[in-house]
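Undergrad: Below is one structure. I have some questions about it.
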There are 2 protein chains.
Amino acid sequence: MLFSCTQNKPETTVSESVSKDFTQYVNPFIGTSKMGHVFPGATAPFGMVQLSPQTNFVEMYNEDGKYNPEAYEYCAGYQHRDSTIIGFSHTNFSGTGHSDLGDFLVMPTTGELVLQPLKTEDGKKGFYSTFSHDKESASPGYYAVDLDSYGIKAEMTATERVGFHQYTFPKSDDAHIILDMVYNVYYHDNKNVWTFIRVENDSLVTGYRQTKGWARTRYEYFAMQFSKPFRSYGHKKYDKILYNGFYRRFNEFENFPEMAGKNIRAFFNFDTNEGEKIKVKMALSAVSTEGALKNLEAEIPEWDFEKVKTETKQKWNNKLAKIEVETINKGDMISFYTAMYHACLSPIIYEDVDGQYRGLDQNIHTSDGFTNYTVFSLWDTYRALHPLFNVIRPSQNNDMIKSMLAHYQQSVHHMLPIWSHYANENWCMIGYHSVSVIADAMAKNVGDFDKELALQAAVSTANVRYFEGIGDYIDYKYVPDDKSHSSVSKTLEYAYDDWCISQIAKQTGNSSLEREYLERAEYYKNVYDPKIGYMRPKLSDGTFRKNYDPLDTYGQGFIEGNAWNYGLYVPQEIDTMINMMGGKERFTEHLDSLFTMYLDDKYIENNEDITRDGMIGNYVHGNEPGHHIPYLYNWTSHPEKTQSRVRMILETMYRPTVEGLCGNDDAGQMSAWYIFSSLGFYPVTPGSQYYALGSPNVKEAVIHFENGKSLKIVAKNQSRENIYVKSVSFNGEMLKGTNLNHNKLISGGEMVFEMSNFPNMK
Amino acid sequence: MLFSCTQNKPETTVSESVSKDFTQYVNPFIGTSKMGHVFPGATAPFGMVQLSPQTNFVEMYNEDGKYNPEAYEYCAGYQHRDSTIIGFSHTNFSGTGHSDLGDFLVMPTTGELVLQPLKTEDGKKGFYSTFSHDKESASPGYYAVDLDSYGIKAEMTATERVGFHQYTFPKSDDAHIILDMVYNVYYHDNKNVWTFIRVENDSLVTGYRQTKGWARTRYEYFAMQFSKPFRSYGHKKYDKILYNGFYRRFNEFENFPEMAGKNIRAFFNFDTNEGEKIKVKMALSAVSTEGALKNLEAEIPEWDFEKVKTETKQKWNNKLAKIEVETINKGDMISFYTAMYHACLSPIIYEDVDGQYRGLDQNIHTSDGFTNYTVFSLWDTYRALHPLFNVIRPSQNNDMIKSMLAHYQQSVHHMLPIWSHYANENWCMIGYHSVSVIADAMAKNVGDFDKELALQAAVSTANVRYFEGIGDYIDYKYVPDDKSHSSVSKTLEYAYDDWCISQIAKQTGNSSLEREYLERAEYYKNVYDPKIGYMRPKLSDGTFRKNYDPLDTYGQGFIEGNAWNYGLYVPQEIDTMINMMGGKERFTEHLDSLFTMYLDDKYIENNEDITRDGMIGNYVHGNEPGHHIPYLYNWTSHPEKTQSRVRMILETMYRPTVEGLCGNDDAGQMSAWYIFSSLGFYPVTPGSQYYALGSPNVKEAVIHFENGKSLKIVAKNQSRENIYVKSVSFNGEMLKGTNLNHNKLISGGEMVFEMSNFPNMK
């Protein structure tokens, strides 16, 4: 069954048994409206080709030079409310909080050739097409839409490194396939650095693009093969680049096989019969056009669209089947497997079939004993996505850690990734959370990466003094607010990260480093003001900052979260934090207020990442700093409040509709929260072996581990009302407390939650 | 002995015996004034590092957008009349007629840091230094100058891939070494595409630059090592390139090890003691910074400046010693060996020590069984430079041909090089003269390149219809003047090139292609107008063009040569041409007039490549199309006029002074003419086995061939007055006629010219 958007209404009463085709429960349109920042296009799991429709051409900056806030909605190129498509591009982020990419926009058209996407210079219609969601469908590895303006049916599928287009044309003696090298997600005029196209023969084109966007020095190469020779071709250049010194010796714009410049749109002309299919294979490489050709030949040597579509669907099923769930209703099935789907879209594979990849140093490296990955949105994904990988895909997480260590070795800053993509560090957000990913893997005995190197990399990263106030953090034992923005958030995150480093040191038997970083792990205490009972920005003179509003998100020492939310970020020492903040009862009251208070509009105006859609009271689920908070009741006397809040969040913050994500999916973090919480546990402290128990919303689940074992989770008496956990047993033995150990988890067997509509107050 | 410029006066009376240190006779300053376009800097033979002072920062276009004719004088970055140096750059063309390059300008300074070369924004002096020729010296592989503005002595030497600087500083607590990534030879504002710098540690910097100049898509990578750690560093960016999305999180301009953008100038700060030497090694690579580091480590692992200087001098001596001459005076020795030197500056090696190089397709290739070369100024160099290589360096010429064939295989146009440099085709000038280089090698049994591939490449190149009117040339059997500029020049050159292809076909036993191209080789006849006795532009309707002035160089169907000169370009069928033009007597009269007539100023105004300095009457020696002309008397009844004209040209068009080159050296072509003619013979028809005999100006010479044999040339009774050749004997046997066969030449022995002050009219 394919989802078309009109079918996406939640079905709240139907319960279905789990079939083996899990892709039927994936709806790629979920979250494509508003701020989910996901895309509906075709991709293989963790594929470096993510081929998706682009519905608008939005300038990042308005004509007055100011940032255009509308651009933010287009982080993944697609907004569900749009009724136009300007083409299909091969790279897109999934759910991120900033953007880039959009490489190699391809658009089929008929009739007079138009090379502007929205509007021609003389005001006529651009090459976009209108479309309707009735004639649009998507499923894992497949996307289709009717391009109404041209009578063309567009279908696409993909392997890891190759996008496969199939265009069914009407009869036309003036059909075109446009290759737009100008288009960028987050377009702005100067983003392209260079583009280069070679028409190798009448059906093969190669080239590359260099951009200076979020990734400052990014290269993407391609090889593009057509199933039918083009009749003629050409390009238009939107800048003045001299080719041959003083004067041009040929008409380089028509049927001239070498094109280069900053901004180019190429076109390929065809005659088509009614219903004729023209297929296009577009292989990518970060290395070279030669690499793209290798990828093309290795992954899609033939022209069998259905075969590739079927094989990619099977790849998805294999990924989705790692957790088999049965839910109360079909809507939850869709939410769960769409979350599983979204948790397989980053990080992405970033190497050619022969293992060659572009490194952070812009040299070409070969992955030795691992698959190289990129797109590390770590401030988001260290929380639950990488821990999820440690449960169901530890060998992939091992490769991701090896990719991070390679990044470290290539980094002139001698740093692990902060937020890295496509051989670049974009430095987005704070902390150095690679160390959390590493510590979590080590705590859970995941992977065979070099532990000594990991420790060295972690320590090196935590001592780069010019990065985000680290020097001051080391000197003052907190980040002084007068020296650095987001001083409290930084202090809290660094302290947590330092605890992770202490755990890495412990695992490698380095007790002096363990002690050193355990000490740094307590620096969070230095930004707590006992007088007001909140974390509070402290100045370099040791006094706390005046004029402080703990409800405000910006300019108050925090970033993307106010003191009420972000101020609870001490996952490494939750008990200590609670004591520090006045003890369990006072802390419970703080949490209760957090979830129930009304936050004035003024606190969320002009705030891209924190919107009412993603809030419960003052608690923000639509952004990451609070993702652990619902579970903190477990450390008070009221774990039942964790259970009820978790179930409330599962039900209200995730819905199987196009508006179903309450905030950016953030490269899978939001989805990973859903998956864990649906199963009844959550990694509150990555880097430890422990999960906090919550309240599952599945009726049953089977998790298949890579060690060959499986864990069956049964939620007895599960229902919409029975949100409380009466007891939990593991292989028949009652679990005490609210923690679950990873080693126990992956030893497999059966875990039974007894559900109830009354809290168990023990 | 080092040349300093004040010592460069010709010494007309001194005769010296040839010593084994031939470098003493090389004066790199010859031709550095006016239009020689050569540079005085330090380089190894055929080195890809050509490290030379840049004396000005000239904009290619004036503020009104018009081409700045002064820029042309700076093709090699240096003009002898200047009294300033703005730095030392590592890539320069030698003698070319257009330019590019100038990569990685390095300049040492002291005092307040200034990062603009000529003038600061507030009108103060830029970072240039004044210098005087008294304190400047150059010899093969070595250049030194006192930078008077700073009290710094700058010295440099080079290996093939690494430039080695040695700066002797005064005492200073504010010394700097500037790395200017903005500077380009033929600078214009938009030439830089991207620059990238990494400070790997306190004494190692890597990076690259991409430019879109004459080479449209050019990359150059570097690794730069300092002998002393810098105290601090930083950069200034002359454009606005966002690094990390919305806002900057560090001060990226000071001590921040990663710099990127379009236009960057970096600086490295030092404290220096009086007389302290700071050395800098700058390795280049067209592949990657990793490649540059490999080159650095392989070629100059240590810090011994004198050792490298001595070794490079020895490399030069080995190259120069291929021909040992004894001349009438020292001035001629200097002219000869400086010509030998200039004939070893292009093509240049273009691969890393491991054989990796960037191909025309922008992919990285590895040379298999050859050394890859670039800088093929073929319209110039096919005439005498490559034939010279076939005499003294056939194995290198073999590698150059293999490089051309690799270019062909990487060319999306399926063409051999026209004028190619640095993995780009710049399409400069007309004809497809790679085929001449190949044919000449095959005629002379040079090399083991793939002959079938060479034939295929030649035929493919000669049939690219969109290149410079080739389609019309094939259809009309001449290039119609109403369809293409330079129609007559093109027709003549294509016909000659086609003859070369016929010779390649003949050598490979392909008689049908031989016939086909012999037919095309006669198309020159189609642009001869017997009514006026000149080659003349013909229109597509078959009529000759009206309003035709055979004295004019431009807009008359010719390029860089008028009909009087260029119209004699039928080297493949000289006898037929002479008959066509009215027979030997009439042709002799034409030549006589050519050398003696006065050409009105209006014909050479605004003409960069044809100046009075390079002219004898209407004969132009300062540019290539006429280089064979002095030898054409050999095909008339007056070979003695060849002898006298050749001696006149040797004496007047080449002088051992800074103004000693009468036109662009053109990558060694002008110098190769000198070398051949000095020895008494010249390759009038490359692609044949024959040389035309002239009149040597050496007293004795020994040519050492790669086959182990040597030829001693003796000019008996040689003097300034005895310019006529009475007889020539080869190993005791009198030579009949005016030709010399290559096979005879390289069989070695002794060739004796009997010189006389009266012509031998037999």
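Yes or no, residue by residue, for (1) closer than 27 Å to A:His590 by Cα; (2) over 33 Å from the mean Cα position of the chain (by Cα); (3) crowded, with 17+ Cβ neighbours inside 10 Å:
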{"position": "A:Gln503", "(1), (2), (3)": "no, no, yes"}
{"position": "A:Gly509", "(1), (2), (3)": "no, yes, no"}
{"position": "A:Leu513", "(1), (2), (3)": "no, no, yes"}
{"position": "A:Tyr517", "(1), (2), (3)": "no, no, yes"}
{"position": "A:Arg520", "(1), (2), (3)": "yes, no, yes"}
{"position": "A:Tyr534", "(1), (2), (3)": "yes, no, yes"}
{"position": "A:Phe544", "(1), (2), (3)": "yes, yes, yes"}
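Undergrad: Taking the stretch B:166-187 as the search range and keeping residues that are assigned to a strand (DSSP E or B) and of a type in the set (Phe, Trp, Tyr), which one is most open to solvent (accessible area, probe 1.4 Å)?
TA: Of the stretch B:166-187, the ones assigned to a strand (DSSP E or B) are B:166-168, B:172-180, B:187.
Next cut, of a type in the set (Phe, Trp, Tyr) only: B:167, B:187.
Details: B:Tyr167: 0, B:Tyr187: 19 Å².
The selected residue is B:Tyr187.
Undergrad: If I go through the stretch A:689-735 residue by residue, how many of them are part of a strand (DSSP E or B), more than 16 Å from A:Thr327 (Cα to Cα) and either among the hydrophobic types (A, V, I, L, M, F, W, C) or out of contact with any strand residue (DSSP E or B) (no Cβ under 7 Å at 6 or more places or on another chain) (or both)?
TA: Counting residues in the stretch A:689-735 that are part of a strand (DSSP E or B), more than 16 Å from A:Thr327 (Cα to Cα) and either among the hydrophobic types (A, V, I, L, M, F, W, C) or out of contact with any strand residue (DSSP E or B) (no Cβ under 7 Å at 6 or more places or on another chain) (or both) gives 8.
Undergrad: In the list A:Tyr72, A:Tyr61, which residue meets the criterion of being at pLDDT below 95, open to solvent by 40 Å² or more (accessible area, probe 1.4 Å) and of a type in the set (Ser, Thr, Tyr)? Walk me through it before giving the result.
TA: On the way: A:Tyr72 fails: open to solvent by 40 Å² or more (accessible area, probe 1.4 Å).
A:Tyr61 is the lone residue from the list that is at pLDDT below 95, open to solvent by 40 Å² or more (accessible area, probe 1.4 Å) and of a type in the set (Ser, Thr, Tyr).
Undergrad: Another question, then. Give the residues of the stretch A:401-418 that are in contact with a helix residue (DSSP H, G or I) (Cβ under 7 Å, 6 or more places away or on another chain) and in a helix (DSSP H, G or I), sorted by residue number.
TA: Step one: list which residues in the stretch A:401-418 are in contact with a helix residue (DSSP H, G or I) (Cβ under 7 Å, 6 or more places away or on another chain), which gives A:401, A:404-405, A:408, A:414-418.
Hits for the stretch A:401-418 are A:Ile401, A:Met404, A:Leu405, A:Tyr408.
Undergrad: Please enumerate the residues belonging to the stretch A:63-85 that are within 14 Å of chain B (Cβ to nearest Cβ), in a loop (DSSP other than H, G, I, E, B) and either charged (D, E, K, R) or more than 22 Å from the chain's Cα centre (by Cα) (or both). Break it down into steps so the answer makes sense when it comes.
TA: If we filter the stretch A:63-85 for residues that are within 14 Å of chain B (Cβ to nearest Cβ), which is where we start, we get A:65-69, A:71-72, A:75.
After this cut, where a residue has to be in a loop (DSSP other than H, G, I, E, B) as well, the list is A:65-66, A:68, A:75.
Selection gives A:Gly65, A:Lys66, A:Asn68.
Undergrad: Looking at this structure, is B:Asn741 under 26 Å from B:Ala441 (Cβ atoms), under 30 Å from the mean Cα position of the chain (by Cα) and open to solvent by 40 Å² or more (accessible area, probe 1.4 Å)? Don't jump to the end; show me each part of the working.
TA: Values: under 26 Å from B:Ala441 (Cβ atoms): yes; under 30 Å from the mean Cα position of the chain (by Cα): yes; open to solvent by 40 Å² or more (accessible area, probe 1.4 Å): no.
Judged against the criteria, B:Asn741 is not a match.
Undergrad: Another question about this same structure. Checking B:Ala286 against (1) within 12 Å of chain A (Cβ to nearest Cβ); (2) touching a strand residue (DSSP E or B) at 6+ places or on another chain (Cβ under 8 Å); (3) more than 16 Å from B:Leu179 (Cβ to Cβ); (4) open to solvent by less than 40 Å² (accessible area, probe 1.4 Å), which test does it fail?
TA: Of everything listed in (1) within 12 Å of chain A (Cβ to nearest Cβ); (2) touching a strand residue (DSSP E or B) at 6+ places or on another chain (Cβ under 8 Å); (3) more than 16 Å from B:Leu179 (Cβ to Cβ); (4) open to solvent by less than 40 Å² (accessible area, probe 1.4 Å), B:Ala286 misses just condition (1).
Undergrad: Within the stretch B:397-410, restricting attention to residues that are polar (S, T, N, Q) and crowded, with 24+ Cβ neighbours inside 10 Å, which residue is farthest from A:Glu258 (Cα to Cα)?
TA: To start, the set of residues in the stretch B:397-410 that are polar (S, T, N, Q) comprises B:397-398, B:403, B:409-410.
When the remaining residues are screened for being crowded, with 24+ Cβ neighbours inside 10 Å, the result is B:397, B:403.
Numbers: B:Asn397: 29, B:Ser403: 20 Å.
Checked the stretch B:397-410; the qualifying residue farthest from A:Glu258 (Cα to Cα) is B:Asn397.
Undergrad: Given the options A:Ala260, A:Ala223, A:Ala215, name the one that is of a type in the set (A, V, I, L, M), within 12 Å of chain B (Cβ to nearest Cβ) and assigned to a loop (DSSP other than H, G, I, E, B). Don't jump to the end; show me each part of the working.
TA: Values: A:Ala260 fails: assigned to a loop (DSSP other than H, G, I, E, B); A:Ala223 fails: assigned to a loop (DSSP other than H, G, I, E, B).
Every option except A:Ala215 fails the conditions.
Undergrad: Has the stretch B:430-439 got at least one residue that is away from chain A (no Cβ under 14 Å), in contact (Cβ under 8 Å) with a residue 40 or more places away in the chain, open to solvent by 10 Å² or more (accessible area, probe 1.4 Å) and in a helix (DSSP H, G or I)? Steps first, please.
TA: In the first step, residues of the stretch B:430-439 are kept if they are away from chain A (no Cβ under 14 Å); the result is B:433-439.
Okay, now just the ones that are also in contact (Cβ under 8 Å) with a residue 40 or more places away in the chain, so B:433-439.
So of that shortlist, the ones also open to solvent by 10 Å² or more (accessible area, probe 1.4 Å) come out as none.
No, the conditions are met nowhere in the stretch B:430-439.
Undergrad: Separate question: Considering only residues of the stretch A:362-378 that are open to solvent by less than 20 Å² (accessible area, probe 1.4 Å) and within 14 Å of chain B (Cβ to nearest Cβ), which is nearest to the chain's Cα centre (by Cα)?
TA: A:Ser377
Undergrad: Would you point out which residue out of A:Lys191, A:Lys236, A:Lys277 is closer than 28 Å to A:Lys171 by Cα, touching a Ser or Thr at 6+ places or on another chain (Cβ under 8 Å) and either within 11 Å of chain B (Cβ to nearest Cβ) or of a type in the set (D, E, K, R) (or both)? Steps first, answer last, please.
TA: On the way: A:Lys191 fails: closer than 28 Å to A:Lys171 by Cα; A:Lys236 fails: touching a Ser or Thr at 6+ places or on another chain (Cβ under 8 Å).
Answer to the check: A:Lys277.
Undergrad: Looking at A:Asn295, A:Asn317, which is the one that is under 30 Å from B:His365 (Cβ atoms) and assigned to a helix (DSSP H, G or I)?
TA: Values: A:Asn317 fails: under 30 Å from B:His365 (Cβ atoms).
That would be A:Asn295, the only listed residue that is under 30 Å from B:His365 (Cβ atoms) and assigned to a helix (DSSP H, G or I).
Undergrad: Right, something else. Which residue pairs have Cβ atoms closer than 6 Å, lie 6 or more positions apart in sequence or on different chains, and pair a first residue in the stretch A:743-762 that is closer than 22 Å to A:Leu711 by Cα with a second residue that is small (Gly, Ala, Ser)?
TA: Hits for this filter: A:Gly748/A:Ser710; A:Val752/A:Ser729; A:Phe753/A:Gly680; A:Phe753/A:Ala715; A:Glu754/A:Ser727; A:Met755/A:Ala715.
Undergrad: Please go through the stretch B:95-112 and pick out each residue that is among the aliphatic types (A, V, I, L, M) and farther than 16 Å from B:Ile177 by Cα. Don't jump to the end; show me each part of the working.
TA: Initial filter on the stretch B:95-112 (among the aliphatic types (A, V, I, L, M)): B:101, B:105-107.
Scanning the stretch B:95-112 gives a single hit, B:Leu101.
Undergrad: Next up: Does the stretch A:86-121 hold any residues that are open to solvent by less than 10 Å² (accessible area, probe 1.4 Å), part of a loop (DSSP other than H, G, I, E, B) and among the hydroxyl-bearing types (Ser, Thr, Tyr), and which are they?
TA: Just the residues of the stretch A:86-121 that are open to solvent by less than 10 Å² (accessible area, probe 1.4 Å), to begin with: A:86-96, A:98-109, A:117.
In the following step, the residues that additionally are part of a loop (DSSP other than H, G, I, E, B) were identified as A:86, A:90-96, A:98-104, A:117.
A:Thr91, A:Ser94, A:Thr96, A:Ser99 - these are the residues of the stretch A:86-121 that are open to solvent by less than 10 Å² (accessible area, probe 1.4 Å), part of a loop (DSSP other than H, G, I, E, B) and among the hydroxyl-bearing types (Ser, Thr, Tyr).
Undergrad: For the stretch B:460-479, name all the residues that are out of contact with any Asp or Glu (no Cβ under 9 Å at 6 or more places or on another chain) and not in a loop (DSSP other than H, G, I, E, B).
TA: B:Ser460, B:Ile470, B:Gly471, B:Asp472, B:Tyr473, B:Ile474, B:Asp475, B:Tyr476
Undergrad: Would you confirm, using the coordinates I've provided, whether A:Gln210 is in a strand (DSSP E or B), within 8 Å of chain B (Cβ to nearest Cβ) and modelled with pLDDT of 95 or more?
TA: yes
Undergrad: Then there's this: Could you list, in sequence order, the residues of the stretch B:577-594 that are charged (D, E, K, R) and either open to solvent by less than 10 Å² (accessible area, probe 1.4 Å) or in contact with a strand residue (DSSP E or B) (Cβ under 9 Å, 6 or more places away or on another chain) (or both)?
TA: The initial filter retains those residues of the stretch B:577-594 that are charged (D, E, K, R), namely B:584-586, B:589, B:592.
Within the stretch B:577-594, none qualify.
Undergrad: Now, a different point. Exactly one condition in (1) in a helix (DSSP H, G or I); (2) crowded, with 23+ Cβ neighbours inside 10 Å is not met by A:Tyr143; state its number.
TA: (1)
Undergrad: Within the stretch A:19-37, which residues are within 15 Å of the chain's Cα centre (by Cα) and under 16 Å from A:Ile85 (Cα atoms)?
TA: Hit for the stretch A:19-37 is A:Thr32, nothing else.
The values are calculated or read from the model by the stated rules, or taken from the named source; none is laboratory data. In this text the structure is predicted, and so the values were computed from the model without any measurement. Here Cβ is always computed from backbone atoms with ideal geometry, including for glycine, and neighbour counts include all displayed protein chains. For the accessible areas, the whole protein counts, side chains as well, though only heavy atoms, and no ligand, DNA or RNA atoms are used. Shrake-Rupley method; radii C 1.70, N 1.55, O 1.52, S 1.80 Å.
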